[in-house]
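Each value in this text was obtained by applying a stated rule to the coordinates, not by laboratory testing. Please read these numbers as outputs of a predicted model, since none were measured by experiment. For neighbour counting, all protein chains shown are included, and Cβ atoms are generated from backbone atoms with ideal geometry for every residue, glycine included.
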Amino acid sequence: MCGIVGIYYKNKELNNHLGAMLSSMLVQMSERGPDSAGVAVYRDSPGSSGTKLTLHCAEPDYDWAGLCSSLGREFNTDPGIEVRASHAVVSTIAPLQELRSWLSRNCPDLRVMSAGSTIEIYKEAGAPRDFVERFQLQDFQGSHALGHTRMATESAITTQHSHPFSTGQDLCLVHNGSLSNHNRLRERLQGEGIEFQTDNDSEVAAGYLMWQLHQGATLEQALTRAISDLDGFFTFAVGTHNGFAVLRDPIACKPAVMAENDDWVAMASEFRAIAQLPGVEHATVWEPAPATVYSWGEG
Amino acid sequence: MTEFDLSRDSVRALNQGLHDSAEGRWLVSHPDGRHCIAVGLDAPVDVAIKGHVGYYCAGMNKRANITIDGSAGPGVAENIMSGTVRVLGNVSHCAGASGHGGLLVVEGDASARCGISMKGSDIVVAGSVGHMSAFMAQTGRLVVCGDAGDHLGDSIYEAVIYVAGRVGELGADCVEKEMTPEHRQGLADLLSAAGVEADPDSFRRYGSARKLYNFNIDHASDY
């Protein structure tokens, strides 16, 4: 069992409420996932340009300022950095591939959580309430976000095994369920040049969507194709740079509920995650139908 | 009237209070999607819940009359024994699962597996139902005023299904059957009891072809 949540603002004036709304949704899903929590937040960082990398280091006293200096010397730029608990967001105009390979060569303690123009991913073992406090999630602003609370069943309770996973720039997927054809699909996608960091099934779903988007599909088209190409149980909430979507498998045995009003769209594993949101009394509440793509934002 | 605010007191306290009541009216506010509200009642109490509820609301209901002024999560009125449960909004999957008696009325839509394994209860849905509804339904009646999803009545026993709208693919051993005057009258009475306006003549009846039964009365002595 896991809990997933998503929130997307139709009214961009509400962007400064993102952290508070996401926090309350995540904490409400604690019983579905007490072991770890994670979020993907989409926001424009003030003054940032180029790429944002969210980095994680298990070492509590990691020298982030030193990293910044090294990056500045190596790439002849002045990267921005924002440290948040065990994570830091580095903003730089350095080319992404070169940056990644430099990091893997020179900073073995660091793990790249996400890369893109607006996405930031934070995740950590521990209860969702502790996660919200530790990462000061309430303070976040942004256009949309995804969240995941995990009840570990098939692998260890570590940051590495926590969700969400990002594969490709600005793409993120949170998943409740399990895929049964992920091994073969992973091999096929690796043949197409998609890289994976773990053996996790949800990461394969994210990789599949990335591959579809690279082929020129819209998010809605990619998810429609996923219905026939992915085998297993799933409720997905998906974020892209400017899009948000929800999809359930044709059997729909994993829960999902959605709510929409003039200002926002929200999805969650259970309604209680949505019940706290301001404006819910004016929202239409429904259960997403099986094998049906719901998408907002991106065309 | 007893008023109970779930933003102040627990679901457990509410359920204990309801179990201790022999009669009377209750108004429950701020359910906010909480699970297991008003479960296991066994007295002719009237309970009105103002808002959306989570899982298993009104489960195992006996004799009580429970109204949810909102939508309900999975398993509303599961294993209902008697009494009435009415939902003014939509319900999630497995509504009225395994119910032995009583009446569940859904004024909106129900999602997948509505009335799964029902054993004698009546379910009236003013909207549509999702896939696999009335799966292995044994006795009782499922009335759908809108459409029914695929695999309706899969492996059904002796329950009766009435659908006014479109039906997706029928489940294994589920077939359309003749709508006799007795069925029409029974349906009219049930719609009236449920307070749902629909023309009984617009419904078609579905039930078991009785070809999947492992048990055959002619071979009773073999078991």
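Some notes on this structure:
- Amide N proximity, the stretch A:204-240 versus A:Cys253 label position 7 Å along Cα-to-Cβ, cut-off under 15 Å: A:231-235
- Added length on full extension, which subtracts the Cα-Cα distance from 0.36 nm per residue, A:Gln276 to A:Glu195: 25.3 nm
- Spatially close lysines, pair count over chain A: Cα under 25 Å, gap of eight or more or interchain: 4
- Placed amide H near B:Val160: partners under 5 Å, 5+ positions off or other chain: B:Gly140, B:Arg141, B:Leu142
- A Förster radius of 30 Å, combined with the Cβ-Cβ distance separating B:Asn15 from B:Ser192, puts the computed FRET efficiency at roughly 0.40.
- Nearest 10 degrees, 0 to 90: helix A:182-191 Cα axis against chain A principal axis: 50
- For the stretch A:1-119, the dipole from Cβ point charges (+1 on Lys and Arg, -1 on Asp and Glu) about the Cα centre works out to 380 debye, to the nearest 20.
- Per-residue average of Cβ from other chains inside 10 Å of B:147-154: 1
- A simple rule links phi to the HN-Hα coupling: the Karplus curve 6.51 cos²θ - 1.76 cosθ + 1.60 with θ = phi - 60°, which for the stretch A:4-13 gives 10, 9, x, 9, 9, 8, 7, 9, 5, 5 Hz, with x for Gly and Pro.
- For the stretch B:75-170, the list of chymotrypsin sites (Phe, Trp or Tyr not before Pro) that fall in a loop by DSSP and count at most 12 other C-beta atoms within 10 angstrom is empty.
- Value of [θ]222 nm, deg cm²/dmol, for chain A, DSSP H segments ≥ 4, -39500 (n - 2.57) each, nearest 500: -8000 deg cm²/dmol
- Distance (nanometres) between label positions extended 7 Å along Cα→Cβ at A:Lys12 and B:Ser202: 4.5
- Along principal axes, Cα extents of chain B, largest first, whole Å: 56, 42, 27
- Over chain B: helical MRE at 222 nm, DSSP H runs n ≥ 4 each giving -39500 (n - 2.57), nearest 500: -3000 deg cm²/dmol
- With R₀ fixed at 25 Å, the C-beta to C-beta distance from B:Lys50 to A:Gln136 puts the FRET efficiency at about 0.10.
- Under 5 Å, built H, 5+ apart or other chain: amide partners of A:Thr292: A:Arg248
- Cα principal axis extents for the protein assembly as shown, largest first, Å: 87, 53, 44
- Linear extension gain, B:Ala22 paired with B:Arg184, 0.36 nm per residue minus alpha-carbon span: 54.6 nm
- Mean separation of Cα contacts under 8 Å, 6 or more apart, over the residue count of the stretch B:2-211: relative contact order %: 10
- The stretch A:89-101 - phi-based ³J(HN,Hα) in whole Hz, Karplus 6.51/-1.76/1.60, Gly and Pro as x: 9, 9, 10, 7, 9, 5, x, 4, 4, 5, 4, 4, 5
- Each residue of the stretch A:252-260 was assigned a 3J(HN,Hα) from its phi angle through the Karplus expression (A = 6.51, B = -1.76, C = 1.60, θ = phi - 60°), giving 6, 8, 9, x, 6, 9, 10, 9, 9 Hz with x at Gly and Pro.
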